[in-house]
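> Before we start, here is the structure in question, set down as structure tokens.
The values are calculated or read from the model by the stated rules, or taken from the named source; none is laboratory data. Just so you know, these numbers come straight off a predicted model, no measurement behind them. All Cβ positions, even for glycine, are placed from backbone atoms using ideal geometry, and neighbour counts span all protein chains on display.
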Amino acid sequence: MSTKVVNTIAIVSCVVFAVLMTLHLLPGSLTCDSKTSDDLQEAKARIKELTNELSKFKSLVDTGSQGELKSAQPNIQKKFSPGHENFQEDLGSGPLKLVREKGYAHDLVKLELDKLTDEELLMTMHSYVDNIDVLCRRKFRMGNLGDGGWEVCDDPDVRPRDPCIVYSFGINNDFSFDDDVATVYGCHVFSFDPSMTKMPEAINRSDKVHFHRIGLDGRTYVNAINWSLYTLQDIRKKLGHQGEVIDVIKMDIENSEWPAIPEMTESGAFDKVKQLFLEYHMEKTDRNFLLPKLKAIQLVEKAGFKKFYAHKNPECKFSVEGFPVVRTKCYELHYLKRWLPH
Ligand SMILES: *[C@@H]1O[C@H](CO)[C@@H](O)[C@H](O)[C@H]1NC(C)=O
Ligand SMILES: *[C@@H]1O[C@H](CO)[C@@H](O)[C@H](O)[C@H]1NC(C)=O
């Protein structure tokens, strides 16, 4: 059969399916209660919209180029599949109703955070940090079980490959993650911690693990207790890694993530990073605390990072008024950015 005939058959089945679906005539939707006139109006509008889309697509099939057809295909598929945007939350009743209603767990990029109420900010923060958006098909834990270890995604497109670079911020005398990544993946791991004051300024722990007694922050300066803090951009410069891919950045830096993140996204130092492991610290529940934090997290999402694993650090158990299930102050989020050329 020619491509045109196949396409036409596909379109016709699409229309029939869409119409049946919209009218709730397919199995699975038969349990719906009787339709109100609003529902009917909505169904009619949807049919009209789909018909328009189809006739546009049909004329592309007839007269468009292969290229045009190819670029229209994903769009039309999205329109016809009852996807995420058509997902209707079933709020139910009982203690979880409020969280379902007010807490946005996904698509943070689309939210106008300034417009959220205090309650929505709180519910959203604690929903977002508890959920993932993409699947990593295989991951390996590097470092200790419990505090100190992190899960590296081993899917082929984001896997660290020798020669690779890993930045590990916040060591607190536990090099278990750093040592494992160096051994297992053969990466050069740069380990940073300004609080380990007994260590020399710089020392090679092994051939592959390089310690620097400096920290990450939103600006480069020396703080009141004589810690040398740098922006990510300046660390890249200092180590001669400007413009290089950094396979994994791990940060557990006790609230300094909040000033560091905006600088990392604005400076572009974050662009060539495949995996990002971030421990978010959230000591408080008020608007003044939450709003800038969610804005920082939104920047991480805007930079293209998607959550593939979320873990609550049990060390920092926390109770949040109004949130009906167990919380912590420390969430270890694991993000990846797909399709980055190595
Ligand atoms: C660590 O090793 C690297 C080579 O991998 C070398 O360039 C650097 O000077 C060494 N640093 C220290 C502090 O010994
Ligand atoms: C501050 O740190 C620098 C470099 O790490 C060091 O040379 C200096 O002696 C320190 N100053 C004080 C007062 O500890």
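> So, of the residues in region 323-332 that are in a loop (DSSP other than H, G, I, E, B) and in contact with a Lys or Arg (Cβ under 9 Å, 6 or more places away or on another chain), which turns out to be surrounded by the fewest Cβ atoms within 10 Å (Cβ to Cβ)?
Within region 323-332, the match that is surrounded by the fewest Cβ atoms within 10 Å (Cβ to Cβ) is Val326.
> How do the strands (runs of 3 or more DSSP E) wholly within region 177-290 filter down when requiring 1 or more residues that are under 30 Å from Glu120 (Cβ atoms) and more than 16 Å from ligand 1 (Cβ to nearest atom): which remain?
It comes to 246-251, 273-281.
> So, Lys307, is that one assigned to a helix (DSSP H, G or I) and touching a residue at least 60 places away in the same chain (Cβ under 8 Å) or not?
no
> Which of (1) in contact with a Cys (Cβ under 8 Å, 6 or more places away or on another chain); (2) within 19 Å of Ser267 (Cα to Cα); (3) of a type in the set (Lys, Arg) is the odd one out, the single condition Lys329 does not satisfy?
All conditions pass for Lys329, except number (2).
> Condition check: more than 16 Å from ligand 2 (Cβ to nearest atom) and in contact (Cβ under 8 Å) with a residue 40 or more places away in the chain. Does Glu266 satisfy that?
No, not satisfied.
> Residue pairs, Cβ under 7 Å, 6 or more apart or interchain, first in region 182-204 and more than 19 Å from Gly148 (Cα to Cα), second within 13 Å of ligand 2 (Cβ to nearest atom) and assigned to a strand (DSSP E or B). List them.
Ala202/His212
> What number of residues within region 131-155 are at pLDDT below 95 and either closer than 18 Å to Lys306 by Cα or of a type in the set (A, V, I, L, M, F, W, C) (or both)?
So the count comes out to 1.
> Test Lys293 against the criterion of being buried (at least 19 other Cβ atoms within 10 Å of the Cβ), in contact with a Ser or Thr (Cβ under 6 Å, 6 or more places away or on another chain) and on the phi < 0 side of the Ramachandran plot, and give yes or no.
It is false that Lys293 is buried (at least 19 other Cβ atoms within 10 Å of the Cβ), in contact with a Ser or Thr (Cβ under 6 Å, 6 or more places away or on another chain) and on the phi < 0 side of the Ramachandran plot.
> Working only within region 272-290, note down all residues that are among the charged types (D, E, K, R) and crowded, with 16+ Cβ neighbours inside 10 Å.
Of everything in region 272-290, those that are among the charged types (D, E, K, R) and crowded, with 16+ Cβ neighbours inside 10 Å turn out to be Lys272, Lys274, Glu279.
> Between a first residue in region 135-157 that is under 12 Å from Lys337 (Cα atoms) and a second residue that is aromatic (Phe, Trp, Tyr) and at pLDDT below 95, which pairs have beta carbons less than 7 Å apart while being 6 or more apart in sequence or on different chains?
Correct list of pairs: Asp157/Trp339.
> Right, next: Scan region 208-231 and report the pairs whose first residue is away from ligand 2 (no atom under 15 Å from the Cβ) and whose second residue is at pLDDT 95 or above and of a type in the set (Phe, Trp, Tyr), with Cβ atoms within less than 8 Å and a gap of 6+ or a chain change.
Listed pairs, sorted by first residue: Val209/Phe175; His210/Phe190; Leu216/Phe169; Leu216/Phe192; Leu216/Tyr230; Asp217/Tyr230.
> Now for a separate question. Being acidic (Asp, Glu), away from ligand 2 (no atom under 12 Å from the Cβ) and buried (at least 18 other Cβ atoms within 10 Å of the Cβ) narrows it down to one residue among Asp174, Asp180; which is it?
When all the criteria are applied, what remains is Asp180.
> Please go through region 197-207 and pick out each residue that is more than 12 Å from ligand 2 (Cβ to nearest atom) and either hydrophobic (A, V, I, L, M, F, W, C) or surrounded by fewer than 11 Cβ atoms within 10 Å (Cβ to Cβ) (or both).
Correct list: Lys198, Ile203, Asn204, Asp207.
> Test Ser127 against the stated conditions and say whether it is within 24 Å of the chain's Cα centre (by Cα), surrounded by 14 or more Cβ atoms within 10 Å (Cβ to Cβ), within 16 Å of ligand 1 (Cβ to nearest atom) and among the small types (Gly, Ala, Ser).
no
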